[in-house]
Amino acid sequence: MLSKFLISPYFVFGLFLIIFFGHALGLDLEWYWAVEKLDTLHHFLGGIWISAVFFYFLNQRPNIFDIKKNFLVTLVFALGFSVLASVIWEFFEFALDQIFDGRLSMPPTQPGLEDTIYDLFFGLIGALLFGIVYLVGLKPKLKS
């Protein structure tokens, strides 16, 4: 079943590794500055990942919140969790720029407001896409 795979430790950890090593390579090989919007792709994947983590932990504790009861409420909670993680990441990038202020041999991680808005938007879109695919996959198949 697709829904079980999407919150399996294999998927969650595998996607984390893709994001982590992609980010490390992007920084080391300066792909972020050579390939336009590569950062946006990473934020989209990050939105998918954080939403998968949310549903993984929610699935481990079904007594806290029954995700099968209300599709919309569950999706809103998943999006809220993902948006919170995205905002925390943007603060982290901002703090890096403030702390190192040109002392690193790379351009700033926060080139401007447009980049921040793109990052937050695509993180939200990734989380929304994952949440819809996961929750729709949970619905029981209708028998004809």
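FYI, it's all coordinate maths here, none of it is from the lab. The shown structure was predicted, so the numbers you read here are calculated from the model rather than taken from an experiment. Note that each Cβ is placed from the backbone with ideal geometry, even for glycine, and that neighbours are counted across all protein chains shown.
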* How many angstrom separate the Cα center of region 112-141 from the Cα center of region 37-91? -> 8
* Sparse-neighbour loop sites [GluC sites (Glu not before Pro); region 1-108; at most 13 other C-beta within 10 Å; DSSP] -> E30, E36
* Asked: Along the principal axes of its C-alpha atoms, what lengths does the chain span, in descending order and rounded to whole Å?
  -> 61, 26, 24
* Percent of Cα pairs exceeding the 12 Å cut-off, where the set is region 1-62 -> 69
* Helix axis angle, 38-60 relative to the chain longest principal axis, alpha carbon, degrees -> 40
* Structure fact -> Check: in the chain the Lys pairs 8 or more apart or on separate chains whose Cα atoms fall under 27 Å apart number 11
* Asked: What size of dipole, in debye to the nearest 20, comes out for region 1-84 about its Cα centre when the only charges are +1 on Lys and Arg C-beta atoms and -1 on Asp and Glu C-beta atoms?
  -> 560
* In what sequence, highest mean first, do 52-60, 14-22 appear when ranked by Cβ atoms within 10 angstrom? -> 52-60, 14-22
